[in-house]
Amino acid sequence: MTTSRASAGDGISTYKGQERALRADRLGTGGLLLSVLAATAPLMVVAGVMPTTFAVMGIVGQPLLFVVLGVILILFSVGYAEMSRHVHNAGAFYAYISRGLGGTAGASAALVALVAYNALQVGIYGIFGFEVSGLFATYADLEIAWWIPALAAVAAVGALGWLKIDVNAKVLGVLLVIEVALVVIFDIAAVADPAKEGLSLHAFNPDTLTGAGVGTALCFCIAAFLGFEQAPVYAEETSRPHVLVPRVMFLAVGGVAVFFALSSWALTVATGPSAIVGESQQQSAGLLFGLTESRLGGTFTDVLHVLFVTGMFAAMVSFHNVVARYAFAMGREGLLPRAFGRTTDSSGAPGTGSLLQTAVSALVVIAFAVADDKPTGDPTEPVLHLFTWGGNIGALGVILLMAAASFSVVVFFARRGAAGAQAWRLVTSAVAGTALLVIAGYTVKDFDVLVGAGPGSSLSWLLPGIIGAAVLVGLAQGLYLRSRSPEAHARIGLGNEAFQLEKAASS
């Protein structure tokens, strides 16, 4: 394979094949939709997030919250989708933000995205290892430490990250379809055999959303949607990104909102609205499995337990792919070492970014495994902390990125003189951005509740401080590049377009 130089002074060698560009035509509508929806982990949400929200916040109207969030995220997607028609870059969030708010803001957003998606992905290893060790104890009478299956999953996910993205999409698709089918079967069974209150629609009554816990409940529920916003990350790997990316985002947001609203309503129907909070507090993550046991039998519940685990695995693969592509985009534009901005020869995957994510995952799991040898009373604390800490740190970062991207849409089209033509999209983006900032404010304010820390705990500011630190370090990097390497700063967010221009200029 031969090499050619970029523009003078750049000093960056590029391979004629695909080294600076992800391979196109890998994903169609179905593959892209399955890749992003896998991150939502439907069973993990229905069995874990929903009972936790009912139990901790005591709010019966969780189904209505999913509807409200669906509306907010549809409003967000209007401008975000339009932006995707103009910008095709694996570093979606930071590329959009840099195009609207400037390269320095883009550099900050890039680091926030890298930290947030890493946190989301690594956090799932904790609950995955815990559940797999539980399956071995239940069905094989074998006691194994949680970190053994967690590290095995790190290796498996890392291996999949080196394969072609369409192969990943097929793996994710099979797991996702089976998972969704089982949840739908439960929903139907709950409606067919409701509790004594019958098919009550009380959970959709706005009166159920009164109280101080609504803001925090929104923080819990918005994490269930994370994944749809990843569609633009794969834009370079689709044949018609200007068509497929917007289509997939709207399908994903609408589908997730309806699916989770109906599934959380089915939980209230199965227990009765008056009992859902108490049952959730008593059974926690066992609520769904107890309800399926009584309605669909032990075999179905056993299968559900297994799919609960495979769904987590699918989510880990999905987030891993996103982190690898953000690292690739950042390496291509000089925000990370240049080695990250290259793809593998065989599959066209961002191999170095995949290795980075695998290494981070392994180090974090090992650190929590060491902590597990020194429990502070509850031996499950390290693994549960890994899940709750990582999930909420990541969710906060993505919420802030969505808010920034919303305002970036407004600035981007205003600067292009298209404010009039895009007026309704700019309004929806501004409304969505404001709503997302409010949710981010509640997330920071109630972080101690989200991670189960006591009032006044240092975790309430240390953990969200990780995202704050990423914001500041990214800004510092952007400012440094602007003063020392203005050409590199100007390239932030341009992705492969910058190198196409360099090639044309040097030819």
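The values are calculated or read from the model by the stated rules, or taken from the named source; none is laboratory data. Just so it is clear, the model here is predicted, and its values are computed rather than measured. Neighbour counts run over all protein chains shown; Cβ positions are idealised from the backbone, glycine included. Calculation scope for accessible area: heavy atoms of the full protein, side chains included, ligands and nucleic acids excluded. Shrake-Rupley method; radii C 1.70, N 1.55, O 1.52, S 1.80 Å.
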Q: Might you report the magnitude of the Cβ-based charge dipole of the chain about its Cα centre, with Lys and Arg at +1 and Asp and Glu at -1, to the nearest 20 debye?
A: 2140
Q. Out of I492, A369, H385, whose Cα points farthest toward the positive end of the dipole of the chain (charges: +1 Lys, Arg; -1 Asp, Glu; placed on Cβ)?
A. I492
Q) Hey, can you rank 103-110, 67-74 by average C-beta count inside 10 Å, highest first? A) 103-110, 67-74
Q) How big is the equivalent ellipsoid of region 87-176 along its three axes, where each semi-axis is √(5λ) from the Cα gyration tensor, reported in whole Å from largest to smallest? A) 36, 16, 9
Q. What does region 435-477 give for Rg and for Dmax, in Å, if only its C-alpha atoms count?
A. 11.7, 35
Q. Which helices count as membrane-span-like in the chain under these terms: full DSSP H, at least 30 Å along the axis by C-alpha, Kyte-Doolittle mean of 0.5 or more?
A. 62-84, 103-139, 165-192, 241-271, 287-332, 351-372, 381-415, 423-445, 459-484
(Q) Could you check the spin-label model distance between R247 and A423? Points 7 Å from the Cα along Cα→Cβ, value in nm. (A) 3.1
Q: Taking 7 Å along the Cα-to-C-beta vector as the label spot, tell me the I185-A275 distance in nanometres, rounded to one decimal.
A: 2.4
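Which order do you get for E487, E237 if you rank them by accessible area with a 1.4 Å probe, largest at the top?
Putting E487, E237 in descending order of accessible area: E487, E237.
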Q) Exactly which GluC sites (Glu not before Pro) in region 104-210 are in a DSSP loop and have at most 16 other Cβ atoms within 10 Å? A) E143, E197
Q: As a check on your grasp of the helix formula, calculate [θ] at 222 nm for the chain: sum -39500 (n - 2.57) over DSSP H runs of n ≥ 4, divide by the residue count, round to the nearest 500.
A: -23500 deg cm²/dmol
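Could you give the length gained on full extension between K196 and I148, defined as 0.36 nm per residue of separation minus the Cα-Cα distance, in nm?
On the way: separation 48, 0.36 × 48 = 17.28 nm, distance 4.40 nm.
Residue separation times 0.36 nm, minus the Cα-Cα distance, leaves 12.9 nm.
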Q) For region 228-281 and region 108-156, what is the separation of their Cα centres, given in Å? A) 23
Q | Most positive-pole-ward Cα, S77, G103, G254, against dipole of the chain from beta carbon charges | A | G103
